[in-house]
1. What about SER105, is it modelled with pLDDT of 95 or more, away from the ligand (no atom under 11 Å from the Cβ), surrounded by 14 or more Cβ atoms within 10 Å (Cβ to Cβ) and in a loop (DSSP other than H, G, I, E, B)?
2. In the stretch 42-64, what residues are within 17 Å of GLU114 (Cβ to Cβ), surrounded by fewer than 17 Cβ atoms within 10 Å (Cβ to Cβ) and aliphatic (A, V, I, L, M)?
3. Every residue in the stretch 152-188 that is over 27 Å from ARG88 (Cα atoms) and more than 12 Å from the ligand (Cβ to nearest atom), please.
4. In contact with a Ser or Thr (Cβ under 6 Å, 6 or more places away or on another chain) and β-branched (Val, Ile, Thr) - does that describe any residue in the stretch 80-94?
5. Quickly run through the stretch 192-234 and pick out the residues that are within 12 Å of the ligand (Cβ to nearest atom), closer than 24 Å to CYS154 by Cβ and surrounded by 14 or more Cβ atoms within 10 Å (Cβ to Cβ).
6. Output the strands (runs of 3 or more DSSP E) that fall wholly within the stretch 115-234 and possess 1 or more residues being in contact (Cβ under 8 Å) with a residue 24 or more places away in the chain, acidic (Asp, Glu) and under 25 Å from ALA77 (Cα atoms), or say none.
7. Please list, ordered by first then second residue, the pairs with beta carbon atoms under 8 Å, 6 or more apart or interchain, first in the stretch 62-85 and outside any helix (DSSP H, G or I), second surrounded by fewer than 17 Cβ atoms within 10 Å (Cβ to Cβ).
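The values are calculated or read from the model by the stated rules, or taken from the named source; none is laboratory data. The shown structure was predicted, so the numbers you read here are calculated from the model rather than taken from an experiment. Note that each Cβ is placed from the backbone with ideal geometry, even for glycine, and that neighbours are counted across all protein chains shown.
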Amino acid sequence: MVAIGPADRVFILTGAGISAESGIPTFRGVNGLWRSYRIEEVASPHAWRRDPRLVWEFYSMRRCAASAAKPNRGHHALARMEESLHDRLFLCTQNVDNLHEQAGSSRVVHMHGELFKSRCDRCNSAPFEDSATYDPQRAVPRCGCGGQIRPHICWFGEVPYGLDRIASALDGCTVFVAIGTSGVVEPAASFVARVRGRARTIYVGPEEPANTLAFSECHWGKAGDVLPNLFRFE
Ligand code: APR
């Protein structure tokens, strides 16, 4: 049980593992996405320049999988946590699905972008809601400026979103909880090292993450099993 006191400020970092029980594949697990697709072919600026249709096929497949998924008990536990903590909870996710929002979390920072948004690859027009799946027989959709419409995803080699807000929340938190992330992708993998010594550092997942030594407390198990009874609010 993790006691959260009235003065505590909690930073939650979620990864693909929290959506695994909703049926969305992780990246590096047994049936992980990176076992079936090469990152450099579907999730990088180089891939987009070389074959935007293949990139859209990959994200269309992910949109189909995510739109069929429902939040699990782990997502709902974090939504309830927000009801108790309000602005003392900062929820940062590496995930691009919208299951946190579907469960009721209202303030979610998607540092790697959002699957159900698209944007122009040329002008600075704002990302827009888009759940369309791509028809490989048709040309890649175009913006009015002539640019191509791309997924609003942070690809490898690009800068994640919201880093200033994330840094400020990390520097102000007293409890840091990472859930369902293998701890191999930066900058998220180094968040725990940034707060160690100043905040309680907790990991939730079924197996050791790569940065396991940085955590002072680990609760082994699936997010949907562990999270509903993990926190006590004082
Ligand atoms: N509950 C909690 N954790 C789980 C569960 C579960 N039911 N099932 C699997 N996990 C854990 C695995 O043990 C693993 O540590 O989830 C983690 C998933 O790791 P990855 O597949 O590497 O996903 P993630 O850490 O989120 O990847 C980070 O890499 O490819 C990029 O942009 C992509 O955001 C992603 C980033």
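1. Judged against the criteria, SER105 is a match.
2. Correct list: MET61 only.
3. Hit for the stretch 152-188 is HIS152, nothing else.
4. Within the stretch 80-94, one or more residues are in contact with a Ser or Thr (Cβ under 6 Å, 6 or more places away or on another chain) and β-branched (Val, Ile, Thr).
5. Matches in the stretch 192-234: TYR203, VAL204, GLY205, PRO209, ASN211, ALA223.
6. 217-220
7. Sorted first by the residue in the stretch 62-85, then by its partner, the pairs are ALA68/GLY23; ALA69/GLY23; LYS70/GLN102; PRO71/GLN102.
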